[in-house]
Structure formats: structure tokens, C-alpha cells
Amino acid sequence: MIVRRYRPDDALALAEVFHHAVHVTAARDYGPSQLDAWSSAPLPDRFADREADGRIVWVAEDAARVVGFIELEPNGHIDCFYCHPRGAGTALYDALEAGARGMEQLFVDASKTARPFFERRGFEVIEAQNVDRGGVTLMNFRMEKRQAPPAPRR
Ligand SMILES: CC(C)(COP(=O)(O)OP(=O)(O)OC[C@H]1O[C@@H](n2cnc3c(N)ncnc32)[C@H](O)[C@@H]1OP(=O)(O)O)[C@@H](O)C(=O)NCCC(=O)NCCS
């Protein structure tokens, strides 16, 4: 497996990973109407030109197939983080954390499914949140991790 930066021709693969990760892995924590509100279908347009707003997207590939991705916004917010099939999450997160060196803190709105993953990597729950998606409520958790300060310059 390799982790590399996003390319514009990843849009369809990212949309498919997103949709399947929601409907397979998150299905143990959310009901059918919540999963449909979260992802009704793979939507490649959503992932077109994905780094245009300054975010960095790392993509995991296994045998030339995209199996996951993670996104870091300029303010330290981890946005989309999805793997399908499972197995690439740790490598993706490690790439993000290395890329975020020098940022004071990382934060994420973690699904119930992803909460233990982030807890094991030093994030703390700040609050539970109810998010409205098209009239359907999904619960997630604002979580934060303070980063080591940058080494002083000599
Ligand atoms: C959260 C997510 C991105 C993590 O990716 P992943 O590929 O499962 O991550 P990893 O393979 O590194 O595994 C994470 C943990 O689950 C375990 N795991 C991996 N594959 C597994 C499987 N098939 N079944 C059960 N546990 C598994 C790993 O051992 C690991 O344990 P650790 O944290 O103690 O090391 C992924 O599970 C996912 O897409 N979830 C659904 C969508 C979602 O909720 N996204 C987050 C939005 S904030």
C-alpha cells in the first residue's frame, strides 16, 4: 500500500470510497436513514479539484486501487476521512500528522465510528454534536489534539 497526494483524476474513486465506507463500516453505529442522509450515492463532483481551497488530501492506494483518503484544512481541521475496505486509516493519519507539523492543534468532527480511532491517537472529546443533514440528525464528536510546539530556532 502507498500513500500519496491527491490528483484531480481521483474524484470518482474518492466518491466511491466515501459512499461505501459510510454504508459498510459506519452501518454499525448509524441507522439506514442516517446513512442515506450522510451519503445518498457516490458524488464525484464533490471531490473534483479537492485541494483548490487550500486543503491537503492524502490518498491510499493498494494494488493501484484507491482504498482511502484523509483531508487536512489549513486551520488544522481534519475533514473527510474514509477507508474502504478498511486497513489504510493508520497510514493515512500518520501522513496527515507528519504534514501538520508546526500546527498548534488538530481537530475533527468524528463520527461515532471514528471516535475510538482518534482517542487512541491522543484526541480528546470536547463535545457531542447533533448535525442536521437534510432533516435527519446525526451525532458526532468535536475532538481536539494539541500538537508539540515547533522546535525553537537556533
Ligand atoms: C475511521 C476509518 C477512516 C479508519 O480507517 P481504517 O482503515 O479502519 O483504519 P485502520 O485500518 O488503521 O484501523 C483502525 C483500527 O481498526 C482496526 N481495524 C482495521 N480493520 C478492521 C476490520 N476490518 N474490522 C475491525 N477492526 C478493524 C485496526 O486494528 C485499528 O485498530 P487500532 O486503532 O487499535 O490500531 C474507517 O473505519 C472508516 O472509513 N469509517 C467509516 C467512515 C467514518 O466514520 N469516517 C470518519 C468520519 S470522521
If you put +1 on each Lys and Arg Cβ and -1 on each Asp and Glu Cβ, how big is the dipole of the chain around its Cα centre, in Debye rounded to 20?
-> 540
Among 52-64, 121-133, what's the highest-first ranking by average C-beta atoms within 10 angstrom per residue?
-> 52-64, 121-133
Per 10 Å bin from zero, what fraction in whole % of the C-alpha pairs of the chain is there, up to the bin with the longest pair?
-> 11, 39, 38, 10, 2, 0
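Pulled fully out, how much extra length does the chain show between ARG7 and HIS23, if you take 0.36 nm times their separation in residues and subtract their Cα-Cα distance? Walk me through the numbers before you get to the answer.
Working: separation 16, 0.36 × 16 = 5.76 nm, distance 2.48 nm.
Contour length minus Cα-Cα distance gives 3.3 nm.
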Using Cα pairs under 8 angstrom and six or more residues apart, how large is the relative contact order of the stretch 71-147, in percent?
-> 31
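Beyond 18 Å, what share of the Cα-Cα pairs of the stretch 78-125 is found? Please give it as a whole percent. Mind dumping the intermediate values first?
Values: 274 of 1128 pairs.
Across the stretch 78-125, Cα pairs with separations above 18 Å total 24 percent.
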May I ask for the distance between the Cα centers of the stretch 84-101 and the stretch 110-135, given as a whole number of Å?
-> 17
Using +1 at the Cβ of each Lys and Arg and -1 at the Cβ of each Asp and Glu in the chain, identify which of ALA63, THR25, GLY135 lies farthest towards the dipole's positive end.
-> ALA63
Quick calc: nm separation of the 7 Å Cα→Cβ label points for GLN105 and ALA48 -> 3.7
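So what is the relative contact order of the chain, in percent, for Cα pairs below 8 Å that sit 6 or more residues apart? All intermediate terms of the calculation are to be shown ahead of the outcome.
Working: 270 pairs, mean separation 33.2, N = 154.
Value for the chain: 22 percent.
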For HIS77 and ARG133, FRET efficiency with R0 = 22 Å and r from the beta-carbon atoms, rounded to 0.05?
-> 0.75
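Give me the extension gain from GLU124 to ALA63: residue separation times 0.36 nm, minus the current Cα-Cα distance, reported in nm with one decimal.
Details: separation 61, 0.36 × 61 = 21.96 nm, distance 3.47 nm.
Here the segment from GLU124 to ALA63 would lengthen by 18.5 nm.
Any read-out appearing in this document is the output of simple, stated calculations on the displayed coordinates, not a laboratory observation. Just so we're clear, the structure is a prediction, and the values are computed from it rather than from any experiment. Neighbour counts run over all protein chains shown; Cβ positions are idealised from the backbone, glycine included.
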